[in-house]
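Step one of this worksheet: look at the structure below.
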Amino acid sequence: MTKSKYNKIRYFVVISIVLFALLALYSYLYADVHVSSFFQKHDQLEKIPGMNLIRPIGKSYVPLWLIFICGFLKKRIEIILTGAISMLLVLAIVSPAKIIIERERPYTYFKTQTPNVQQSSHLDIFYKSSSQSFPSGDTATIFAIVVAVSPFISRFSFLNLLIIAALVGYLRVVDLAHYVSDVFAGAIIGVFCGWLGIMICQQWMKRNKFPFGQGWRNIAAVGIFLIPTLVVFEGFEDFSLFIGSSIILAGWFFSALNVWPIFKLKLSSPK
């Protein structure tokens, strides 16, 4: 990664964390309940066609699978390592935070306030607990991945992935799975973990050779096969959403690289 690109990513990380922190604080103090109340009263917004394919993108298995595929095809172990490290860091921060804070999810809050409110069917698929609202794990996951792959993609591709990440966070609020401050907190964690994943991977690759040599591609191939296989055990409905979401994310990224000629850019090779 060139020094110029390194500095741009660093500036983005710092500015994003400060901005998201201010927005999270403001949302927590003034906007959380009001925004969630609005979406609770306008539940038709969650039924927009195609949104069911965007929702699972925040689940770890979708971006992880695409990272394995991208690393395998581009023959870049750094892509897989950086993404995997970032996701592990997200897990290490988000899971304990949810358990310690135990913030009630908005849909549970409104259910207790208005017993006749009907929950959407997809809530039963994705949300297992009513006390794990803060922070948003899906938002943290997708923002971590977007930042983690930023050294290997163009600026335009990065902006396209940010749009996907923002949509994932938006839908968490629309679905009443999280308050706005939960989503901004998740974005902070994701940006930080993605950046830390880049730093850890770079330092490790400078000092060590990957122990499996070129055999790492065989390991990546196993991951490419194993991830969708594990999803199958979650049920065919989840598997169809997994495939659909993967196609959406991969198609969006492919379009950013190839479809629009004026923005046709290639993966950069770090120096």
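Any residue in the stretch 157-165 that is in contact (Cβ under 8 Å) with a residue 40 or more places away in the chain, of a type in the set (S, T, Y) and surrounded by 24 or more Cβ atoms within 10 Å (Cβ to Cβ)? No, the stretch 157-165 contains no residue that is in contact (Cβ under 8 Å) with a residue 40 or more places away in the chain, of a type in the set (S, T, Y) and surrounded by 24 or more Cβ atoms within 10 Å (Cβ to Cβ). Of all positions in the stretch 211-222, at least one carries a residue that is at pLDDT 65 or above, farther than 28 Å from S95 by Cα and charged (D, E, K, R).
If we keep just the residues of the stretch 63-109 that are farther than 12 Å from V149 by Cα and among the polar types (S, T, N, Q), which is least open to solvent (accessible area, probe 1.4 Å)? If we take residues in the stretch 63-109 being farther than 12 Å from V149 by Cα and among the polar types (S, T, N, Q), then T108 is least open to solvent (accessible area, probe 1.4 Å). Considering only the stretch 81-102, I want to know if a residue exists there that is at pLDDT below 90, not in a helix (DSSP H, G or I) and not aromatic (F, W, Y). There is at least one residue in the stretch 81-102 that is at pLDDT below 90, not in a helix (DSSP H, G or I) and not aromatic (F, W, Y).
For the stretch 166-188, a residue qualifies if it is among the aromatic types (F, W, Y) and either free of Cβ contacts under 8 Å to residues at least 60 places away in the same chain or in contact with a strand residue (DSSP E or B) (Cβ under 8 Å, 6 or more places away or on another chain) (or both), and exactly one does: Y170.
Scanning the stretch 176-196 for residues that are open to solvent by less than 10 Å² (accessible area, probe 1.4 Å) and outside any loop (DSSP other than H, G, I, E, B) yields S181, D182, G186, A187, G190, V191, C193, G194. If you go through the stretch 1-42 and pick out every residue that is open to solvent by 40 Å² or more (accessible area, probe 1.4 Å) and not in a helix (DSSP H, G or I), you end up with 2.
Which one of these is part of a helix (DSSP H, G or I) and closer than 15 Å to V13 by Cα: V173, V168, V147? Even if it seems obvious, please write down each step before you answer.
Numbers: V173 fails: closer than 15 Å to V13 by Cα; V168 fails: closer than 15 Å to V13 by Cα.
The match here is V147.
The values are calculated or read from the model by the stated rules, or taken from the named source; none is laboratory data. All of these numbers come straight from a predicted model, not from anything done at the bench. Heads up, the Cβs are rebuilt from the backbone with ideal geometry, glycines too, and the neighbour counts pull from every protein chain shown. Keep in mind that these areas ignore ligands, DNA and RNA; they rest on the heavy atoms of the full protein, side chains included. Shrake-Rupley method; radii C 1.70, N 1.55, O 1.52, S 1.80 Å.
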